[in-house]
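The values are calculated or read from the model by the stated rules, or taken from the named source; none is laboratory data. Quantities reported herein were computed from a predicted structural model and do not represent experimental measurements. Cβ coordinates were reconstructed from backbone atoms using ideal geometry, including for glycine residues, and neighbour counts include every protein chain displayed. With ligands, DNA and RNA removed, areas are computed over all heavy atoms of the protein, side chains included. Shrake-Rupley method; radii C 1.70, N 1.55, O 1.52, S 1.80 Å.
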Amino acid sequence: MLYTTVCASTEPSEPSDFIPLTVNYQERFSAAGRTSGGFIKREGRARDNEILVCRLIDRPVRPLIANGFNHETQILVWVLSYDKVHAPEPLAITSAGAALALSDIPMSKPMAGVRVGLVDGQMLVNPTVEEMGRSTLDMIVAGTADAVLMIEGYCDFLTEETLLQAVEVGHGAVKIICKELQMLADMVGKPKNMDAIQLPPSVIKEHIQDLVGAELEEVLQINGKQLRGAAIRRLEDRVLGALTEEGICKELAAMPKEVPQEAQVSSWEEEELIVDEGLVDEGDVHVTPVPKKPILELFDPVHVKRMFKELSSDVLRRLVIQKKVRSDGRGATDIRQIQSMCGLLPRAHGSVLFTRGETQTLAVATLGGDDMGQRIDNLTNTEDLKRFYLQYTFPPSCVGEVGRMGAPSRREIGHGTLAERALEPVIPDEAEFPYAIRLESTITESNGSSSMASVCGGCLAMMDAGVPLKGSVAGVAMGLILNTREWGGDGDPVILSDILGSEDALGDMDFKVAGNEYGVTAFQMDIK
């Protein structure tokens, strides 16, 4: 049993180019008749597993909330009763979708999520904890009755055909749940607050196109993230200055010539106009014609930035579809140059500097005994110790920025878990290799797919440390452009291999996949 709420602030926050959404998920140990095994017994800072569930909820919800809804929105989910049979993660996603469907938050369609397992060759929807222990697939599918919005999962070298079948099975269950949620919303749901949506005027994009459209196309083809980013920022600053400070001429208005102070109208007497030293002819005041004065229109800076980003996405898509070229000059299926250097750190057990294009990670492997394992204190997990774990660090310096350093962010925990689960199937059995393995992946430079670089670097670091892996694993991030006919294509989607950060931000999909020639070990897909 879960208790799920969704609330939005009554007043809108400052407009921005992202949905102000926060998700909090907490597993109460009392739900299973337990208390925390740590020194502090009260639930406090979210544990890694809870953060991962927050991300599972956030990712399918965010694209469904209407653009322009600037009210701070918070989803809270508590596990209040756990039967030790059914895992709470799929129910947490579905309960969030139910709460949103009943609320007045402008969300286009009901959303739900399920888990799909593969036990003895049979696809199971929302399998029990015992069945998941025997499953070779752990897949979460979330979406609406019409489309899949999020997939995340881990498996033991399954084929693409098997995974596609699992997605179809999962989405079939999602459709049934969404149909019931829609019926519930029709009965007791609140009317959607569509009046709260504040969209930028579409004319802003037209003004930006007129101002810098041709230059933007050239800038987006500059090879090199730093040079390209600096050029884009200069264009954006010009656009902001023109549309928020200088203004765009809206229309021309006739303005009378300024009358000297001594010639101004002094009074009205018996409907006769009296003008001191003025020009009077048959009761009419003659005004000398002057040139028309322009009326300038200024726009909100946030609206201008959103439209600039939208136009950049349009230009990027048009380049890929019409000219068959990406920002760094590659074709749709080309992979960036890869370099790797093992044994870089002399005192570490294993290390590698892995570079793919402008994405680079320093991966380090450390071996130890049982006391070096990662202890787990989760509601649903009965395992007390993990003998293999990967810790991912994304410092602000890797993207040339200044930022706070402290506890791992949600993104770092999510990316680290994805890379860890991708490598788990090749970890040797404890009987063969009775050591705990700690992997660290520190991103030193990032321009897309740093989590998949962590998979590649982590595999090489363990090899450098002498770990007898069952095989090798690599990962890559893929992108997608839909509705290609709108950009001059034939209507078929265009798939991009090894995407850049800009292609991730401006494209329609981010799909990370890891494995080897025998099958897939991990995957994560988000629709933008």
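Counting protein heavy atoms only, the chain has 53 percent of its accessible area on carbon and sulfur, 1.4 angstrom probe.
The 3J(HN,Hα) values that the Karplus relation (6.51, -1.76, 1.60; θ = phi - 60°) gives for region 343-360 are, in residue order, x, 5, 9, x, 8, 7, 4, x, 8, 7, 10, 9, 10, 10, x, 9, 10, 9 Hz. Gly and Pro appear as x. Just from its helices, what would the mean residue ellipticity at 222 nm be for the chain, if runs of 4 or more DSSP H residues each count -39500 (n - 2.57) and the sum is divided by every residue, rounded to the nearest 500 deg cm²/dmol? Using -39500 (n - 2.57) per qualifying helix, the result is -9500 deg cm²/dmol.
Each of S13 and D237 was given a label point 7 Å from its Cα along the Cα-to-Cβ line. The distance between the two points is 2.8 nm. Here's the picture: charge each Lys and Arg Cβ at +1 and each Asp and Glu Cβ at -1 in region 382-442, and of L439, V426, T393 the one pushed furthest to the positive end of that dipole is T393. Compactness of the chain, taken as the C-alpha radius of gyration over 2.2 N^0.38 Å, stands at 1.23.
Under 5 Å between amide hydrogens, built in the peptide plane, is the criterion, and for L80 it picks out L2, Y3 among residues at least 5 positions away or on other chains.
Cross-linked pairs K192/K323; K84/K175; K192/K225; K386/K528; K190/K512; K225/K528: Cα-Cα separations exceed 32 Å for K192/K323; K192/K225; K386/K528; K190/K512. The equivalent ellipsoid that matches the C-alpha gyration tensor of region 51-193 spans semi-axes of 28, 16, 14 angstrom, in descending order. Taking the Cβ of H71 as the center, what net charge do the other residues with Cβ under 11 Å away carry, scoring Lys and Arg +1 and Asp and Glu -1? My count for the surroundings of H71 gives -3.
Near the amide H of K386, within less than 5 Å, lie the amide hydrogens of Q374, R375, I376, all on another chain or at least 5 residues away, with H placed in the peptide plane.
Taken per residue, the accessible surface of the chain reaches 51 Å², heavy atoms only and a 1.4 Å probe.
Percent relative contact order of the chain, based on C-alpha pairs within less than 8 angstrom and at least six residues apart?
14 percent
The trypsin sites (Lys or Arg not before Pro) of region 12-121 meeting both criteria, a DSSP state outside H, G, I, E and B (loop) and at most 10 other C-beta atoms within 10 angstrom of the site's C-beta, are K41, R42, R45.
The residues neighbouring I527, those whose beta-carbon lies less than 12 Å from its own, together hold a net charge of -1 under the Lys/Arg +1, Asp/Glu -1 convention.
Shown is the FRET efficiency for V129 and Q198, computed with R0 = 60 Å from the Cβ-Cβ distance and rounded to the nearest 0.05: 0.85. Placing a label point 7 Å from the Cα of L367 along the Cα-to-Cβ direction, the residues of region 439-472 whose backbone N falls under 18 Å from that point are 439-440, 458-472.
Counting heavy atoms of the protein chains alone, K190 has an accessible area of about 130 Å² for a 1.4 Å probe. Between the residues A461, I376, A332, the greatest Cα displacement towards the positive end of the dipole of region 319-475, with unit charges on the Cβ of Lys, Arg, Asp and Glu, is found for A332.
Between T136 and N516, the simple label model (points 7 Å from Cα in the Cβ direction) yields a spacing of 1.6 nm. Annotation for D508 and S30: the two label points, set 7 Å from Cα along the Cα-Cβ direction, are 4.8 nm apart. Karplus-derived 3J(HN,Hα) values for region 143-154, using 6.51 cos²θ - 1.76 cosθ + 1.60 with θ = phi - 60°, are x, 10, 5, 9, 7, 8, 9, 8, 9, 8, x, 9 Hz; glycine and proline are entered as x. Working note: Karplus 6.51/-1.76/1.60 with θ = phi - 60° gives region 429-446 the couplings 5, 4, 5, 7, 9, x, 10, 7, 10, 10, 10, 10, 10, 9, 7, 9, 7, 9 Hz, where Gly and Pro are set to x. Classification of region 316-387 by its C-alpha gyration tensor yields an oblate form. The axis ratio a/c (a ≥ b ≥ c) is 1.5 or more, and b/c is at least a/b. For the pair region 1-28 and region 382-434, the centres of their Cα atoms are 27 angstrom apart.
Simple point charges give the picture: +1 on the Cβ of Lys and Arg, -1 on the Cβ of Asp and Glu, and for the chain a dipole about the Cα centre of about 2460 debye. Among the protein heavy atoms, those of L506 account for about 20 Å² of accessible surface (1.4 Å probe, every chain in place). Applying 1/(1 + (r/R0)^6) with R0 = 30 Å to the Cβ-Cβ distance of R375 and R410, what FRET efficiency is obtained, to the nearest 0.05? For R0 = 30 Å, the calculated efficiency reads 0.90.
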